[in-house]
Amino acid sequence: MRPDLADSDEALAQRAQTDREAFGELVRRYADRIFNLAYRMTGNRTEAEDLAQDAFVRAYRGLAGFRPDHAFGAWLYRIAVNVCLTHRRQQGAAAVESFDKASEETILDTSAPLDELAEQREIQEAVQKAILSLPPMYRAVVVLYHLEGRPYSEIAELLDLPLNTVRTHLHRGRAMLREKFAASR
């Protein structure tokens, strides 16, 4: 049975327990967002692709535990964030990956002169590198708040943290970023 594109994510998640096409539709709806989240957490395109795929595999295997009275997107994001954080912990103290210069995430004003374009790229690379150097939980909060535009309450739910801890992580993450940029001047 083909999934109806008008079906809610939650209805598709319910059907996906017995219908692979329904899960395929969910993957199509969320693939870019989950990849972007993983990319912002890792700074590496190949790792982000692997982590996004892992998040979808885990979601598929965990569909029986999905509660349809909750938002599917939030549930999937929580899985993806946990996959990224687990990956980072398993890496241990590995060096921060270099920023992928071919990033589709890079937003440059192509009408600007070449010297301004180069400066924009340098700034974006410095910001990405600084974010990647944050401790994993601070990075997760900074990425979810500043790059994904998630509210505190949703971040708290996604990361299974108290609301005040989210605020504290965001405050400390910002302070660390300010220090990194002040030191580089």
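For the range 55-87, which residues satisfy the criterion of being within 13 Å of the chain's Cα centre (by Cα) and among the charged types (D, E, K, R)? Correct list: Arg78 only. Among the conditions (1) surrounded by fewer than 15 Cβ atoms within 10 Å (Cβ to Cβ); (2) farther than 30 Å from Val127 by Cα; (3) touching a Pro at 6+ places or on another chain (Cβ under 9 Å), the only one that Glu25 does not satisfy is (1).
Mind checking which residues of the range 30-50 are aromatic (Phe, Trp, Tyr) and in contact (Cβ under 8 Å) with a residue 24 or more places away in the chain? Selection gives Tyr30, Tyr39. Surrounded by fewer than 16 Cβ atoms within 10 Å (Cβ to Cβ) and under 24 Å from Asp32 (Cβ atoms): is that true of Pro151 in this structure? Here the answer is yes, as Pro151 does meet what is asked.
Selection over the range 16-61 of residues that are over 18 Å from Trp75 (Cβ atoms), of a type in the set (S, T, N, Q) and part of a helix (DSSP H, G or I) gives a count of 2. Looking at Met137, Met176, just one residue is surrounded by 14 or more Cβ atoms within 10 Å (Cβ to Cβ) and closer than 18 Å to Ala80 by Cβ, and that residue is Met137. Applying a threshold of 8 Å to beta carbon distances and a minimum spacing of six or more residues, or different chains, the list of pairs starting in the range 7-29 at a residue that is closer than 16 Å to Ala55 by Cα and ending at one that is at pLDDT 90 or above and hydroxyl-bearing (Ser, Thr, Tyr) reads Ala16/Tyr60; Phe23/Tyr60.
Taking the options Arg178, Arg167, Arg150, name whichever one is not in a helix (DSSP H, G or I) and not assigned by TED's automatic domain parsing to the domain that holds Ile79.
Values: Arg178 fails: not in a helix (DSSP H, G or I); Arg167 fails: not in a helix (DSSP H, G or I).
Within the list Arg178, Arg167, Arg150, the selection yields Arg150.
Condition check for Ser184 on (1) surrounded by 14 or more Cβ atoms within 10 Å (Cβ to Cβ); (2) modelled with pLDDT under 80; (3) of a type in the set (S, T, N, Q): one failure, at (1).
Quick one: which of Arg78, Arg58 is free of Cβ contacts under 8 Å to residues at least 60 places away in the same chain, among the basic types (Lys, Arg) and surrounded by fewer than 21 Cβ atoms within 10 Å (Cβ to Cβ)? Reasoning before the result, please.
Numbers: Arg78 fails: free of Cβ contacts under 8 Å to residues at least 60 places away in the same chain.
None of the other options fit; the residue is Arg58.
The single residue among Arg2, Arg40 that is modelled with pLDDT under 90, surrounded by fewer than 13 Cβ atoms within 10 Å (Cβ to Cβ) and either touching a helix residue (DSSP H, G or I) at 6+ places or on another chain (Cβ under 7 Å) or of a type in the set (Phe, Trp, Tyr) (or both) turns out to be Arg2.
The values are calculated or read from the model by the stated rules, or taken from the named source; none is laboratory data. Since the structure is predicted, the reported quantities are computational estimates derived from the model, not experimental observations. Here Cβ is always computed from backbone atoms with ideal geometry, including for glycine, and neighbour counts include all displayed protein chains.
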